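The values are calculated or read from the model by the stated rules, or taken from the named source; none is laboratory data. These numbers were taken from a predicted model, which means no experiment stands behind them. Here Cβ is always computed from backbone atoms with ideal geometry, including for glycine, and neighbour counts include all displayed protein chains. What goes into the accessible areas is simple: the full protein's heavy atoms, side chains included, and nothing from ligands, DNA or RNA. Shrake-Rupley method; radii C 1.70, N 1.55, O 1.52, S 1.80 Å.
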Amino acid sequence: MIATEPGQLLLPGASAVLDGAPPPVIAINRRVVARRKAGPVGSSVFLVAVAEELARRRGPDDPAVKAAMEIAVDSSALYDDDGTKLGLGSSAAVTVAATALALSGDRTLPVIDREEVMAVAMAAHAVGQSGRGSGADVAAAVHGNVIRYAKDQPVERLSWPKEVTLIPFFTGIAAKTTQLIAKMEEARARDPAGVDAALAAIATASRAACQACAVREPEIASNALLSALVLATHGTDQLAAATGM
């Protein structure tokens, strides 16, 4: 048995999601694959965190805890050919895949409790990111497709307008989320007004993008989404100027 989960893109509010901006979160067609191996293999901080969270919730002798420490996850699809991280939420996908497989037991056709997977993976991923993650990437890996995610609010399913083609590209430079957050916090201490204004602009664009993806009329949805993305670029430029990032 395997468990497979998608990578994700947060558009357009990745920079402001920790401030409560609800960006559309999009599952993509690159996936990690989790397999259970014989003997302990869980060395990743996220895999260990999954086992520890399961032990906390279910007790250390629960079969899911043993299973979690015997899981290996192939996340190469979310990296470039030379091993460079692409920024597609690999740690979240790994955490969710390991959680789902650990909870599946030995059943051929497991019935997965999506809410339990989400709760365990959220907690484990937060530990792996030193408490600095938003949870949006975890929610996308659990639910797939396009969702609206805001912390402590129900996940809302959205639709990406078919008239808008999304073409991701890689800058060639990898970035670590925790380091970017730390730099933004430093900049905010220096220039709170400038950073807050930029984040507010991105948050406004994020809400507009979510509203566009909830519209059922294709032409209106696509035009509204493109307008929201244009607003987001201006907010991102403001943030770059305010932080030097």
(request) Can you tell me which residue among Gly87, Gly59, Gly83 is at pLDDT below 90 and more than 16 Å from the chain's Cα centre (by Cα)? (result) Gly83
(message) So for region 7-16 (the condition being of a type outside the set (A, V, I, L, M), farther than 30 Å from Leu239 by Cα and either in contact with a helix residue (DSSP H, G or I) (Cβ under 9 Å, 6 or more places away or on another chain) or modelled with pLDDT of 90 or more (or both)), does at least one residue qualify?
(response) no
(message) Just to be sure before I move on: is Gln179 under 18 Å from the mean Cα position of the chain (by Cα) and polar (S, T, N, Q) in the structure I sent?
(response) yes
(request) Select from region 116-157 the residues that are in a loop (DSSP other than H, G, I, E, B) and touching a residue at least 40 places away in the same chain (Cβ under 8 Å) and list them in ascending order. (result) Gln129, Ser130, Arg132, Gly133, Ser134, Gly144, Asn145, Tyr149, Ala150, Lys151, Gln153
(request) Could you check region 177-245 for helices (runs of 4 or more DSSP H) lying wholly inside it with 2 or more residues that are in contact (Cβ under 8 Å) with a residue 24 or more places away in the chain, open to solvent by less than 70 Å² (accessible area, probe 1.4 Å) and more than 27 Å from Val127 (Cα to Cα)? (result) 192-214, 218-243
(message) Given the condition in contact with a Phe, Trp or Tyr (Cβ under 7 Å, 6 or more places away or on another chain) and over 16 Å from Leu54 (Cβ atoms), answer yes or no: does some residue in region 94-117 qualify?
(response) no
(message) Can you pull out every residue in region 115-163 that is open to solvent by less than 10 Å² (accessible area, probe 1.4 Å), of a type in the set (A, V, I, L, M, F, W, C) and modelled with pLDDT of 90 or more?
(response) Val117, Val120, Ala121, Ala124, Val138, Ala139, Ala140, Ala141, Ile147
